[in-house]
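Enquirer: If you scroll down you'll find the structure; I have some questions about it.
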Amino acid sequence: MSNYPPPNTGYYPPQPQQQPYYGAQQQPQYVPLQQQTQWGLQPTPSGQQQNHFAPQGQPMPPPTYDGSINPDSGLPTKFNPKPKYNDLWAAILFAVQLAGFIVLSYFAISNALKTGSGPGGAKGVGSLFSTGGLITLCISVGVGAIFSVVYFFLTVAFPTFLIKATLLLSILLYLAVAAYYLYLRMWIIGGIALVFGILYAFMWFAWKSRIPFASIMLKTVTAVSREYPATYAVSFLGLVAQVAYSIYFLLVFAGVYDYYFNSGTGSGNNKSALFYVLVVFAVFSFYWTSQVLTNIVHTTICGVYATYYFMAGSPQGMTKSPTIESMKRAVTTSFGSICFGSLIIAIIQTLRFIANMARGDGDGIMAFVACCIDCLLACLQGIVEYINKYAFAQVAIYGKGYIQAAKDTWTIIQDRGLEQLINDNLIGNVWGMAAIFSGFLSGLGTYLYLHFANPAFNANGQLTIVLIIVGFVMGLQICFTVGTVIDSGVVTTFVCLAEDPAALARTKPELFAQIQATWPEIVQGVRY
């Protein structure tokens, strides 16, 4: 019996002639790890050698197709044989809020185009629509975009070097920040930075043994991206969409602020409350839409890498247009799941925005409480973002709903060990440092233009700090969007290895051997 599933009935992606969803596919069921002994190269009927994951070379339990329980292994069958539109309510809610933001933008931008005078005769925020304002925005996004593109190709060319270099740069950056703030006698900030610097230095020695595994992962991902350059196009399309929407949001935000600032509505408490409601809604809409754009790109690319993982080297072969097929699924049957996961992050980010507003407007006690709340929310955001990254890979590979994908992601974390997942994902640090540098350069470019050109709308420097912060944030967003190609490929490969290492052994035995040599535990299937 062949080790491959019959065409279009197994888990693997579809053949070129037919295009069902991943969810119509099967997955081999694995014997629990404690029952596995040694793996061997077993002869196939054709006389070739094949890796098997079963005790003493025995065949694996047969897969089931009814979405229930495998009677031989007692393990659940995870895949929905009939794809459907998951989490539709989230997609509908996203459309409603986007429509509301569009309505708000019409009135805000119309007002900003008609007005624009601030106190003292200087131009208000609405003057961002002037030539100088538009140049400032273009510099903010342009510097970040150029750096992100250059760094992307450097990652493709020098993966191992960047893994080591960025880890060392992280140590140096934290120590430099610590030295600066300690010199200024700002003991708390300096102490925190010093602790992080020491932790990263410790991680350098703790993670050294995992660098070979991370290098193989990164080399593999970049090789696939070169073989399927459409992944670049998807990432750059996401970059353009993110930049365009960021500019759109800034114009809407400027219009709302300009209307409030110039019409004198800030004098009344009721109108002031309405202004804050509109600002919070605009920020929430920006966060949610930005997350959806980013995660559509992430899910699309995850689908491409999953297709390569299971199909390249198999008898079925690759599909003709894996990127297009994956994108279709991301914006149709999986769109609701993407909106659901993105909504959770957007809510947390909006709460952090409100906390920062309270910290800026409140007294000492209020500022301290708001700072603590923001710190807790930041930790929660990091955890959810980490789970989402792997959950959306599950959505892309299997067509699961968001809740089921998140549960299965947590199972992988429990089986592999949270410490292992974090420590072995050194590649995330590569793009984390890149994002910091991208944001820094975007903010620096904005400052240099404002300082030397001294545009009329910022003649008194009243918007300098705000625009520098905006430039930094936009640089971060742009860099993270570009880095999705590599990050998504690594995440997908990790999930596929955790759930079906036998597929890699069958289709790409040389790569499997390299991975097994650098981290033997990863090639054991997850226990569900």
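The values are calculated or read from the model by the stated rules, or taken from the named source; none is laboratory data. Predicted model, so just to flag it, every value in this text is computed and none were measured. Note: ideal-geometry Cβ built from the backbone for every residue, glycine included; neighbour counts use all protein chains shown. All accessible areas refer to the heavy atoms of the entire protein, side chains included, with ligands and DNA or RNA removed. Shrake-Rupley method; radii C 1.70, N 1.55, O 1.52, S 1.80 Å.
Enquirer: Can you name the residue in region 414-423 that is of a type outside the set (S, T, N, Q) and open to solvent by 10 Å² or more (accessible area, probe 1.4 Å) and is also modelled with the highest pLDDT among such residues? Walk me through it before giving the result.
Expert: So the first thing to find is which residues in region 414-423 are of a type outside the set (S, T, N, Q), and the list is 415-419, 421-422.
Checking which are open to solvent by 10 Å² or more (accessible area, probe 1.4 Å) leaves us with 415-419, 422.
On the way: 415: 74, 416: 65, 417: 57, 418: 49, 419: 48, 422: 52.
Ranking the qualifying residues of region 414-423, first place goes to 415.
Enquirer: In region 87-116, what count of residues is obtained for those that are modelled with pLDDT under 90 and either open to solvent by 100 Å² or more (accessible area, probe 1.4 Å) or under 29 Å from residue 329 (Cα atoms) (or both)?
Expert: Residues flagged as modelled with pLDDT under 90 and either open to solvent by 100 Å² or more (accessible area, probe 1.4 Å) or under 29 Å from residue 329 (Cα atoms) (or both) within region 87-116 amount to 4.
Enquirer: Just to be sure, is residue 172 of a type in the set (A, V, I, L, M) and open to solvent by 80 Å² or more (accessible area, probe 1.4 Å)?
Expert: Details: of a type in the set (A, V, I, L, M): yes; open to solvent by 80 Å² or more (accessible area, probe 1.4 Å): yes.
Considered against the rule, which asks whether it is of a type in the set (A, V, I, L, M) and open to solvent by 80 Å² or more (accessible area, probe 1.4 Å), residue 172 comes out as yes.
Enquirer: Select from region 178-195 the residues that are of a type in the set (A, V, I, L, M) and in contact with a Gly (Cβ under 8 Å, 6 or more places away or on another chain) and list them in ascending order. Show your work before the answer.
Expert: Quick first cut of region 178-195, residues of a type in the set (A, V, I, L, M) only: 178-179, 182, 184, 186, 188-189, 192-195.
Correct list: 178, 179, 182, 184.
Enquirer: Go through region 247-256 and count every residue that is open to solvent by 10 Å² or more (accessible area, probe 1.4 Å) and of a type outside the set (A, V, I, L, M, F, W, C).
Expert: Total satisfying the criteria: 1.
Enquirer: One residue is enough: does region 345-359 have a residue meeting the conditions more than 16 Å from residue 277 (Cα to Cα), not hydroxyl-bearing (Ser, Thr, Tyr) and not in a helix (DSSP H, G or I)?
Expert: Checking region 345-359: not a single residue is more than 16 Å from residue 277 (Cα to Cα), not hydroxyl-bearing (Ser, Thr, Tyr) and not in a helix (DSSP H, G or I).
Enquirer: Scan region 471-494 and tell me whether some residue there is surrounded by fewer than 19 Cβ atoms within 10 Å (Cβ to Cβ), in a helix (DSSP H, G or I) and among the acidic types (Asp, Glu).
Expert: no
Enquirer: Collect the residues in region 225-246 that are open to solvent by 30 Å² or more (accessible area, probe 1.4 Å) and within 25 Å of residue 104 (Cβ to Cβ), keeping them in residue-number order.
Expert: 240, 241, 244
Enquirer: Check 311, 327 and return the single one that is touching a residue at least 60 places away in the same chain (Cβ under 8 Å), open to solvent by 20 Å² or more (accessible area, probe 1.4 Å) and in contact with a helix residue (DSSP H, G or I) (Cβ under 9 Å, 6 or more places away or on another chain).
Expert: Values: 311 fails: open to solvent by 20 Å² or more (accessible area, probe 1.4 Å).
Among 311, 327, only 327 is touching a residue at least 60 places away in the same chain (Cβ under 8 Å), open to solvent by 20 Å² or more (accessible area, probe 1.4 Å) and in contact with a helix residue (DSSP H, G or I) (Cβ under 9 Å, 6 or more places away or on another chain).
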